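Inspection log for the structure reproduced underneath, given as structure tokens.
The values are calculated or read from the model by the stated rules, or taken from the named source; none is laboratory data. Everything numeric in this text was worked out from a predicted model, so none of it was measured. Don't worry about glycine lacking a Cβ; one is built from the backbone with ideal geometry, like all the others, and counts go over all protein chains shown. Remember, those area values only see protein heavy atoms, side chains included, never the ligands or the DNA or RNA. Shrake-Rupley method; radii C 1.70, N 1.55, O 1.52, S 1.80 Å.
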4 protein chains.
Amino acid sequence: MGQSLGVAVLGAGHMGADHIRRLDRVVGGARVVAVADPDAERAKEAVAGREGVAVRTEAEAALDAPGVEAVLIASPGEAHEEALLAAFARNLPVLCEKPMVPDPAGALRIVEAEARLGRRLAQIGFMRRYDSEYTRLKALLDGGRLGRPLMLHCVHRNVSSPPGFTSAMLVNSSVSHEIDAARWLLGQEPVAVTVHRPRPSAGAPAGLLDPQFVLFETDGGALVDVEVFVNCGFGYQVRCEAVCEAGSARIGEERAMAVTAAGGLREEVPQDYLVRFADAYDREVRAWVDAVRHGRVTGANAWDGYAASAVAEAGVRALESGVRTPVDLAPRPALYGGTGA
Amino acid sequence: MGQSLGVAVLGAGHMGADHIRRLDRVVGGARVVAVADPDAERAKEAVAGREGVAVRTEAEAALDAPGVEAVLIASPGEAHEEALLAAFARNLPVLCEKPMVPDPAGALRIVEAEARLGRRLAQIGFMRRYDSEYTRLKALLDGGRLGRPLMLHCVHRNVSSPPGFTSAMLVNSSVSHEIDAARWLLGQEPVAVTVHRPRPSAGAPAGLLDPQFVLFETDGGALVDVEVFVNCGFGYQVRCEAVCEAGSARIGEERAMAVTAAGGLREEVPQDYLVRFADAYDREVRAWVDAVRHGRVTGANAWDGYAASAVAEAGVRALESGVRTPVDLAPRPALYGGTGA
Amino acid sequence: MGQSLGVAVLGAGHMGADHIRRLDRVVGGARVVAVADPDAERAKEAVAGREGVAVRTEAEAALDAPGVEAVLIASPGEAHEEALLAAFARNLPVLCEKPMVPDPAGALRIVEAEARLGRRLAQIGFMRRYDSEYTRLKALLDGGRLGRPLMLHCVHRNVSSPPGFTSAMLVNSSVSHEIDAARWLLGQEPVAVTVHRPRPSAGAPAGLLDPQFVLFETDGGALVDVEVFVNCGFGYQVRCEAVCEAGSARIGEERAMAVTAAGGLREEVPQDYLVRFADAYDREVRAWVDAVRHGRVTGANAWDGYAASAVAEAGVRALESGVRTPVDLAPRPALYGGTGA
Amino acid sequence: MGQSLGVAVLGAGHMGADHIRRLDRVVGGARVVAVADPDAERAKEAVAGREGVAVRTEAEAALDAPGVEAVLIASPGEAHEEALLAAFARNLPVLCEKPMVPDPAGALRIVEAEARLGRRLAQIGFMRRYDSEYTRLKALLDGGRLGRPLMLHCVHRNVSSPPGFTSAMLVNSSVSHEIDAARWLLGQEPVAVTVHRPRPSAGAPAGLLDPQFVLFETDGGALVDVEVFVNCGFGYQVRCEAVCEAGSARIGEERAMAVTAAGGLREEVPQDYLVRFADAYDREVRAWVDAVRHGRVTGANAWDGYAASAVAEAGVRALESGVRTPVDLAPRPALYGGTGA
């Protein structure tokens, strides 16, 4: 495989800095050669101690730095469309953090642009597809031993929501992971969304509809329900139970060192998604680097990124209207023959 | 407490025979003194080997047998209204298997009759209120340590449905236990029902909408969701997770001897509700006998029986219409001041 | 089955009073007709509210009271030998709390006395044989699916020891339950004992060797190890793992309502053996009453009581000497043909 | 940190090839620059597709290849002493797979050689110190919340033993991991060993004493018991429970996707230590590379390697003699002031 892969990282915030560290220390076969961030200081800090890394304030400038062979986009969602198109224009393979493009119209433009290229360049950062529990569940469902999946019961809980989090973001940011996971696990597209809103928790900021209970119906007749509760107060939990014709399978049960002391048995619950999914991020980036070095693109594709946006957008309308809301997807280009599985 | 309590058992089928065995061998302080069943042979068989038990084909004749101090109704649901009114007329305390009366109108007549008496005579057989896990969950919620309950996630699965089971019965027979449990746990009344119907399992009889996913909204703003799946094929499972403002609690996780052998770790799943809730039935009948001997009536009351019928009936309409369906409850008589808790 | 069984209860302390309550309220088919306790006030209190119960200060006087058909011995261990012989002299079936007789010589006299009678009258109160988890494990081992048992790993923990508890009592009182359970599960007799003594816990009273780690070798080549820790501080735990040629099985894992709140997932640990084994006591007494009413005797027999005493006594010598100590059992009378299983 | 670390890997067998893959793909910051194996073909195969890697049949020749800055020893145990001394002579940091040196005398020569150097160069590959569960347990014990550890209950099971596995190897190969883990967790040295030998499993090869039950007493008064069963037939299991004065903590409970289907709930058990400890190996090598690049040496040291050998050797004598056998450790050089923690 020879030389390591030269990567430009766009965005040097929390996620970008974490990916830089990952490319440098955790994943073999890659090296960061360029970083772009509007905040030049932040970019410099993220690559402190590394030599020969081009630091730029413009994404395109970073893509044009010497040695760039691939791009990792970790900038804010609004910057993704332009960055993806710039990578496409340079024929650079790209790993783009979710959401691919927040609004469905922009997401569809990416799909169409890549379809015009006639080959896949983009992988979208739905890292749950690389989590060991999700991959085992996927293999179990695909193996067919449990028969057809009928329902997915999902739980997505955060300790607390960041400042500025809105009721719509429970659906289009938090639940977007479940949207992709459900599409991938089932190999089916959502066709309608209903959102139930229990009386909000006293632990949620005033005005935030938290928790919500979101139901997706799919074109295969399956039902996906998601409890999303972003101010649960006690931990980060992501669970999924697939109920099938011949059995059910559960993942995401908190499992840790069990301590029995005064009062009972106790297991820790992770407080943060970076703890729960640390290995999944590592595997995702490693798989991407490996694939790119072998001239391939794998993982979630641009269509998956578009579908997640379109379904989430229907979800937000369902939240606002209180009624069952159909999902309208554009026709799928031939390049994305399957359902993203 | 002196003499043991003389009980007439109405109905000598599966459930009636089990209660006769229970009163005779498992519960102290009571004895069966009369049995009624239209099938006299069945009634005789159910009390074989016992002396001095009056065997009758008519319920009222059994109530008039010597030594009858209390009544346990285990006949089919259609016979309950008449039997309850007969017990009321004789001022006999009564434990009535669920459903109290299947149709809400008939159930309301029982409520009104008991309200006219001005004292409680009837306890309804919602035995989950006596299950050790449910009672612990109830105590936890009432204790307030977890804050207000926001959602209940419930699962109700049977290996297979009996012949003649209809789509409506998933709601008005199977889910009726969850209706009562939710009302009791939350101390709130359901105000609307929505039923989602995934594509039926290949394991369900042709034409049966199985599984279903039923959602209740309560007057306290809580959301109760129930997966009901009566042909799941693998076991009997009743689970409940209460998601509260400051934590969540789960009961009903299958927990048994863990055997690790070729291929993995394995725990048995009970196949039958009589296994899962055997202790709850014992405790229920024991508590009823104890209370009656002390001149008291406890447990679920006639209003709870009526409310379960009325909510279930709204659920069946929601199943048929496919849309959110309001629940209309009659005004609650003063005799049932609380919410059945 | 006609009339209920008239039982004399010897001993009205904590355990005796609990059995009186059990015979009166929990178990059908029996009634307490006589009680003996040197402390007449305590005896009266234990049967307060019941009519027609003979209260005596002498055991034999209670056995001679009218209506006595069977005896339940719950007096202190030193009084057991005389009480058992008195029951034998009157041909009365007897359920004797453990230890049957504390010293092996006295226990052997009971075995010989019953052997001379030529029929079984005594059942010894090793109630774990009635615990649902132990009975499942027994059935699994007997079924042979896991092959021959090679090792039993046992844990026996109490929150704290009562005043006056000695180092020897960890072996001859606490571990005696494991001795019987291991003999019963394996169908093998212990042939040697070794006791390891880690440095005592700071939580144990001064001078008490607590915890201890006790190993039994059996005549079938199995190894049984027991952690006994009677001042563990956090709960009552009894666990057992049977490691077999083709798999392992575990019982006694604490399993309760799981509460997830700030800081983690938590399950309660029972604080008391009466909580953990409440159902086992109920089943034991119910099975005894049923058997006696049908003219049978089941459960652990006098030989099991003797063997437990003899093995415990070897264990105490092993504790004192620090070395592997052989167990010497008397020849087993023909009345107890099997191994107590 | 600039340039990546040039590593020579000694041994291209199963473990060596795995480490080459790890250095190349999984761990950032390092690259394999030389490989030695007596079987040149095997060495070539292990680095197929990589350019610029020196392939040698002699260990010393590989150490002298251009660009070698550190050494990873994955050759058979008998070759370790010579390889370690050769690395010391060249002042090269070294990560040496366990056993450091199989016989205690040879191991002590390594300790003395490094002590003469006056600085640490060697890290020994006890990878459990990098397992996330073990590190959490270590942190818990060190934190002191549970008080002093009194006992460790350990289980070490393999599906089946490789050809040629001897009874002694259960102690000096399999249990050596528990020896190191116990020393590290407790910060105490073993002072005596006793080995119990139940009748061997029918699943073990003829003549192999499998399972065994090994007990270590430590200089701090703790007791460590280990079930080692290398032909258990059903999976790879490594468990540890630390019983402390104020609570107990358990790790290694098999935890996986739970599938409920006909007959019960089922979780997979890993079949191989490379599955169970894959992450620990990755973390170990990553930590070593990071430390070396920063001029440090961490992890288990040569004294830990010596102590494991010496304790294992006493264990083998205990197995052969059947009696409690003292452990004799040489005086610890000042370079290894602590206990390897």
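Below, the figures for the structure above:
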| quantity | calculated |
| --- | --- |
| Selection from segment A:116-125 of residues that are in a loop (DSSP other than H, G, I, E, B) and open to solvent by 10 Å² or more (accessible area, probe 1.4 Å) | A:Gly118, A:Arg119, A:Arg120 |
| Selected residue (criterion: most open to solvent (accessible area, probe 1.4 Å)) from residues of segment D:89-115 that are basic (Lys, Arg) and modelled with pLDDT of 95 or more | D:Arg109 |
| A:Ala312 over 24 Å from A:Met151 (Cα atoms), more than 14 Å from chain D (Cβ to nearest Cβ) and modelled with pLDDT of 90 or more | no |
| Segment A:1-24, residues that are open to solvent by 40 Å² or more (accessible area, probe 1.4 Å) and more than 22 Å from the chain's Cα centre (by Cα) | A:Met1, A:Gly2, A:Gln3 |
| Residue, farthest from the chain's Cα centre (by Cα), within segment D:121-138, restricted to residues that are within 22 Å of D:Leu223 (Cβ to Cβ) and of a type outside the set (Lys, Arg) | D:Leu137 |
| Subset of segment C:126-141 [part of a loop (DSSP other than H, G, I, E, B) and acidic (Asp, Glu)] | C:Asp131 |
| Any pair with Cβ under 9 angstrom, 6 or more apart, that starts in segment C:61-87 at a residue that is on the phi < 0 side of the Ramachandran plot and open to solvent by less than 40 Å² (accessible area, probe 1.4 Å) and ends at one that is of a type in the set (Phe, Trp, Tyr) and assigned to a helix (DSSP H, G or I) | C:Ala70/C:Trp288; C:Leu72/C:Trp288 |
| All positions within segment A:131-184 that are surrounded by fewer than 18 Cβ atoms within 10 Å (Cβ to Cβ) and away from chain B (no Cβ under 14 Å) | A:Ser132, A:Thr135, A:Ala139, A:Asp142, A:Gly143, A:Pro162, A:Pro163, A:Gly164, A:Thr166, A:Ala168 |
| Number of the condition not met by C:Glu267 [criteria: (1) acidic (Asp, Glu); (2) over 19 Å from the mean Cα position of the chain (by Cα); (3) facing chain D (nearest Cβ under 8 Å)] | (3) |
| Number of positions in segment C:142-171 that are modelled with pLDDT under 95 and part of a helix (DSSP H, G or I) | 1 |
| Segment D:25-48 - residue that is among the hydrophobic types (A, V, I, L, M, F, W, C), open to solvent by 10 Å² or more (accessible area, probe 1.4 Å) and within 23 Å of the chain's Cα centre (by Cα) and, of those, nearest to D:Ala291 (Cα to Cα) | D:Ala30 |
| Residue among D:Gly315, D:Gly299 that alone is in contact with a strand residue (DSSP E or B) (Cβ under 6 Å, 6 or more places away or on another chain) and in the same structural domain as D:Arg25 (by TED's automatic domain parsing) | D:Gly299 |
| Filtered residues of segment C:210-238 (kept if in a loop (DSSP other than H, G, I, E, B) and more than 21 Å from D:Val228 (Cα to Cα)) | C:Asp210, C:Pro211, C:Asp219, C:Val230, C:Asn231, C:Cys232, C:Gly233, C:Phe234, C:Gly235, C:Tyr236 |
| A:Arg286, sole failed condition from (1) free of Cβ contacts under 8 Å to residues at least 24 places away in the same chain; (2) within 21 Å of A:Met15 (Cα to Cα) | (1) |
| Of all residues making up segment C:185-205, the number that are of a type outside the set (Ser, Thr, Tyr), without any contact (Cβ under 8 Å) to a residue 60 or more places away in the chain and either at the interface with chain D (Cβ under 10 Å from one of its Cβ atoms) or crowded, with 20+ Cβ neighbours inside 10 Å (or both) | 9 |
| Single unsatisfied condition, B:Glu58 versus (1) surrounded by fewer than 19 Cβ atoms within 10 Å (Cβ to Cβ); (2) closer than 12 Å to B:Ala74 by Cβ | (2) |
| Failed item in (1) within 14 Å of another protein chain (Cβ to nearest Cβ); (2) free of Cβ contacts under 8 Å to residues at least 24 places away in the same chain; (3) in a helix (DSSP H, G or I), with B:Lys44 passing the rest | (1) |
| Failed item, numbered, when A:Glu51 is tested on (1) touching a residue at least 12 places away in the same chain (Cβ under 8 Å); (2) open to solvent by 10 Å² or more (accessible area, probe 1.4 Å); (3) farther than 30 Å from D:Ala280 by Cβ; (4) part of a loop (DSSP other than H, G, I, E, B) | (1) |
| Residue that is nearest to A:Asn172 (Cα to Cα) [pool: residues in segment A:209-256 that are aromatic (Phe, Trp, Tyr) and more than 9 Å from every other protein chain (Cβ to nearest Cβ)] | A:Phe216 |
| Residue within segment A:217-227 that is within 23 Å of A:Phe277 (Cα to Cα), more than 19 Å from the chain's Cα centre (by Cα), assigned by TED's automatic domain parsing to the domain that holds A:Asp328 and at pLDDT 95 or above present | no |
| Residues (small (Gly, Ala, Ser) and out of contact with any Lys or Arg (no Cβ under 7 Å at 6 or more places or on another chain)) located in segment B:191-201 | B:Ser201 |
